[in-house]
Amino acid sequence: MEMTTKIDNWDESLGINDFNTDDKPKAAEENQLTTKIENINLSAGDSSASVSTTNGTTTELTADENVSTADLSYMRKVLRNKLLHTKNNVEVHRSKPDNPLYSVKSFEELRLPEELLKGLYDMGFSAPSKIQETALPLLLANPPINLIAQSQSGTGKTAAFVLASLCRVEPAERTPQVIVMSPTYELAIQTGEVAKQMAKHIPQITFRFGVRGENIQRGEQIADHVIIGTPGKLMDWIIKFKAFDVKKVKVFILDEADVMIDTQGHRHQSIRIQRSLPETCQMMLFSATYDKPVMDFAEQVIKEPVIIKLKREEESLENINQYYVYCNNEIEKYNALANIFGTISMGQAFIFCHTKASAARLAQQLRKDGHSVGLISGELSVEERTLALQRFREGQERVLIATNVMARGIDVEQVTVVVNYDLPINVETREVDKETYLHRIGRTGRFGKEGLAINFVDSPKTFGFITDLEIHFGRKILKLDATDIDEIEKINQE
Ligand code: ADP
């Protein structure tokens, strides 16, 4: 990205005053905002806080309130186009002595149907992922074993259950044999696409989406083998319309259980559907997290399960060079950013802002100055967000500007530079949010790669945050003079 031009004057249309008086919302919006803030569900990753700025005023820092766990999970899926490798090992709990507890190192060992093996190779899969090594022998065993599997997003859970369930389909029997239940429309479509791709050499297997917009004719009996849908629609089809014989279902998969229980009504619907299925049906549940509510739910739905867990890959600041840039106002901040991007050569970069408004303004100004940047914030529709994420993933834009809340959905390894245009703030303590800081930048320096984190500081308070981070992580954050091109060039060579 070329960005050497400094700006001395902000475009009036951007509202320079707006900028200098920080992100304080206009009076009319304020009441609405207060109500929203009161209603924020912190566990869903929303945040708001206030922090003192250079001129002693208080900035109301509100992030996107309308980002759900489901949205975040979907964003992770869209952004991730390859496997997340992990060094951790899978833990197996509650297995019976006669269960297959070996792990496979190749797909060939699983004696899969030739067509499925071909499908896997076409998708570029050469060997099972860590979770697949252990999960697949269990899932393919006879008699079938129920499974609860937890591992972070991107580790190959979807591919595992799609593969295992396709192995159980009898194409000649024209009735639903596999039900995959996803928490949202988007996630269901995504999983369905993976299943279709994997089964592409077995065209006899047919799929049906049980999601909004998909309807069945009165009295219709569904003859497709695999149904992928959301709980509400599936409940209608199974319980209200009796659109197929549930007693013939061989595999039931509850995907993204942590997202499922976060959605009103889904827990109850999932249990009702599960209860209608035959005793012989193999049940599987997948989740990216394993906190108590998820595990309680999992065990309510999945009877006598084997439980497998793969610990999250620890994020660390080991390979990351951290800097801070002190700026006195927004113009200095923007100029510093322009200098940095104009000087350093980089792969892809994230810029994190605290509010939708400041993220949008920054994107607008950068675009106005001729730079191609992407923006994601809670304001965008799912489609717009997906498009922005895809463009970034494909490298069409090398810079993605995101708000705090959006940051939680983001997980991209090719990113080598992270700019905290605003440091993350913990809503309750009003201090720097160390966990989010680590999550934002801990991904840049993975697998021996060098990462670069640049933090913008614009008040004594936020400067104090830098010291807090240094003490907490025991790593130095060096000062960077962003007006000095030579100095910026030096960090580039490190
Ligand atoms: P999860 O469901 O845990 O989020 P996915 O099954 O969606 O993980 O896999 C994440 C990414 O890795 C996808 O792009 C998928 O195509 C790819 N993937 C999954 N399994 C393998 C494998 N064995 N080899 C190579 N790529 C894989």
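Computed quantities for the displayed model
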{"item": "Which numbered condition Gln197 fails, given (1) surrounded by fewer than 23 Cβ atoms within 10 Å (Cβ to Cβ); (2) away from the ligand (no atom under 13 Å from the Cβ); (3) at pLDDT 95 or above", "result": "(2)"}
{"item": "Filter result for the condition that a residue is assigned to a helix (DSSP H, G or I), near the ligand (Cβ under 9 Å from one of its atoms) and in contact (Cβ under 8 Å) with a residue 60 or more places away in the chain, over Thr158, Thr134", "result": "Thr158"}
{"item": "Members of the stretch 94-113 found to be under 28 Å from Leu187 (Cα atoms) and either among the aromatic types (Phe, Trp, Tyr) or more than 12 Å from the ligand (Cβ to nearest atom) (or both), listed by number", "result": "Phe107, Leu112, Pro113"}
{"item": "Residue check for Glu108: in the same structural domain as Gly192 (by TED's automatic domain parsing), modelled with pLDDT of 80 or more and over 28 Å from the mean Cα position of the chain (by Cα)", "result": "yes"}
{"item": "Index of the failed condition, Leu375 passing every other in (1) surrounded by 22 or more Cβ atoms within 10 Å (Cβ to Cβ); (2) part of a helix (DSSP H, G or I); (3) out of contact with any Cys (no Cβ under 7 Å at 6 or more places or on another chain); (4) not assigned by TED's automatic domain parsing to the domain that holds Thr134", "result": "(2)"}
{"item": "Strands (runs of 3 or more DSSP E) contained entirely in the stretch 277-359, each with at least 2 residues that are farther than 22 Å from Leu389 by Cβ", "result": "282-287, 306-310, 320-326"}
{"item": "Members of the stretch 298-329 that are closer than 24 Å to Lys434 by Cα, out of contact with any strand residue (DSSP E or B) (no Cβ under 9 Å at 6 or more places or on another chain) and of a type outside the set (S, T, N, Q)", "result": "Arg312, Glu313, Glu314, Glu315, Glu318"}
{"item": "Residue list for the stretch 464-477, filter: surrounded by fewer than 14 Cβ atoms within 10 Å (Cβ to Cβ) and either of a type in the set (D, E, K, R) or touching a residue at least 60 places away in the same chain (Cβ under 8 Å) (or both)", "result": "Lys476"}
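This table checks each residue for (1) over 24 Å from the mean Cα position of the chain (by Cα); (2) more than 12 Å from the ligand (Cβ to nearest atom); (3) surrounded by fewer than 24 Cβ atoms within 10 Å (Cβ to Cβ); (4) at pLDDT 95 or above.
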{"residue": "Pro128", "(1), (2), (3), (4)": "no, no, no, yes"}
{"residue": "Leu139", "(1), (2), (3), (4)": "yes, yes, no, yes"}
{"residue": "Gln150", "(1), (2), (3), (4)": "no, no, no, yes"}
{"residue": "Val162", "(1), (2), (3), (4)": "no, no, no, yes"}
{"residue": "Arg174", "(1), (2), (3), (4)": "yes, yes, yes, yes"}
{"residue": "Ala188", "(1), (2), (3), (4)": "no, yes, no, yes"}
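The values are calculated or read from the model by the stated rules, or taken from the named source; none is laboratory data. Source: prediction; values computed, not measured. Don't worry about glycine lacking a Cβ; one is built from the backbone with ideal geometry, like all the others, and counts go over all protein chains shown.
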